[in-house]
Amino acid sequence: MVDVIRSEFSAPGSLGDFRWMIDQPEFADCLFVFNDNESQFRVHQQSLGTGHVCYAGGGNASIRPYQCVQPPRAMGIPTGDDGGYQALDTHAKSVIDEAIAYLGELLATGQYRRVVFSWNSARETLGTGIFEVAREVTDYIVERIELAARNAP
């Protein structure tokens, strides 16, 4: 089982700032899950190992380059594309499930003791900043990340 860290952003250069956290020695055993857009998630999945889509994005996607190091220190989970997913419809669910399957593959390597994702304690769900994402979507993402961590070897 992999431990889960719900990390809430408060200020740059402190806990919750993925860009800062990922370079701290105490988080060397962590896989960071950042909120990504669907199109960049798909490009990365289609080009695994080629170094594509390794540039920083906005918000917690600033750590996107870390998905291209070996072993990956970060991975994106889609929360929408031109705006956030507005419902947990068949399309959104299938894309999220695809990302969660990849998360499971990464965790199964045994290289990670902890998985970190963005948290919003006021809403008690996935933290989002750039996209407005439906609550049923953010709750589903949290549930699936935590399940993947529980099922990791």
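The values are calculated or read from the model by the stated rules, or taken from the named source; none is laboratory data. The model shown is predicted, which means the values in this text are computed figures rather than measured ones. Cβ atoms come from the backbone with ideal geometry, glycine included; neighbour counts cover every protein chain shown.
Annotations for the structure displayed:
- Residue check, residue 39 within 15 Å of the chain's Cα centre (by Cα) and farther than 20 Å from residue 105 by Cβ: yes
- Test result for residue 1, among the hydrophobic types (A, V, I, L, M, F, W, C), farther than 19 Å from residue 134 by Cα and buried (at least 17 other Cβ atoms within 10 Å of the Cβ): no
- Residues (under 16 Å from the mean Cα position of the chain (by Cα) and small (Gly, Ala, Ser)) located in the stretch 114-134: 118, 127, 129
- Beta carbons closer than 7 Å, at least 6 apart along the sequence or on distinct chains, pair a first residue in the stretch 113-129 that is over 20 Å from residue 22 (Cβ atoms) with a second that is β-branched (Val, Ile, Thr) for 125/138; 125/142.
- Flag if residue 79 is surrounded by fewer than 17 Cβ atoms within 10 Å (Cβ to Cβ), modelled with pLDDT of 85 or more and of a type outside the set (D, E, K, R): no
- Restricting the stretch 140-150 to residues that are surrounded by 16 or more Cβ atoms within 10 Å (Cβ to Cβ) and either touching a strand residue (DSSP E or B) at 6+ places or on another chain (Cβ under 6 Å) or of a type outside the set (A, V, I, L, M) (or both), the residue that is nearest to residue 36 (Cα to Cα): 141
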